[in-house]
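Worksheet: the structure to be examined is printed underneath.
Read the figures in this text as sums done on the coordinates, not as results from a lab. Every value quoted in this text rests on a predicted model; they were computed, and no experiment measured them. Using ideal geometry, Cβ is built from the backbone for each residue, glycine included, and neighbour counts are taken over all protein chains shown.
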Amino acid sequence: MKILAIISQKGGVGKTTLATALAVAGEAGGKRVAVFDLDPQLSATFWADRRKGNRPGEAETPVVREINVLRLPHYLDAMREVGADLVVLDCPPVHRDIAAAAVEAADRLLGRMLKPAPAPDDFSHAQEQRRADLDAHQRSLPLAEQALFEDGDPDIARALSVLGSLIQRESARQSESGT
């Protein structure tokens, strides 16, 4: 099971939108996906409630649950037991303790945490440091995952591809119907 944490210290950058879109794309691609809403605003949970209301009688997919970060390990173990392929952790802005717990639990991260943006005069040094950090991370990966790192994550790439296809189909449908 893969665990993907979506983090950012800034609110309103699309963390929940990305989390739910990746989850839907993963489900459309045949994966068993869950979203754990760690944000006290519960945006992903409200999204799931609206989605369920628009699809009466259908199974709730992807599964979205509001989770207290103190219970995160328990819920992740439960997802492993039921055979989930991917759990997406939708993290709140500002709450570094919640984000830190999510980062600790995750296999993969999307976002940025704990390092402020470099000052404009320090940009080239920041780029060099980022390259060094990335190289160090890549060297720390098992050999089998280093190839994925070089070529990108195929599961996420497939999920994004499915998401793009769904968006194109929906756009075409709306264009044809004139809505």
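Details
- Residues satisfying the stated conditions in segment 62-80, i.e. of a type in the set (D, E) and either in contact with a Leu (Cβ under 9 Å, 6 or more places away or on another chain) or closer than 24 Å to K52 by Cα (or both): E66
- Of the residues making up segment 71-88, at least one is under 23 Å from L134 (Cα atoms) and surrounded by 14 or more Cβ atoms within 10 Å (Cβ to Cβ).
- Which listed residue, of V63, V33, V24, is touching a residue at least 40 places away in the same chain (Cβ under 8 Å), among the β-branched types (V, I, T) and more than 17 Å from A106 (Cα to Cα): V24
- Every condition in (1) buried (at least 23 other Cβ atoms within 10 Å of the Cβ); (2) in contact with a strand residue (DSSP E or B) (Cβ under 8 Å, 6 or more places away or on another chain) holds for S43 except the one numbered (1).
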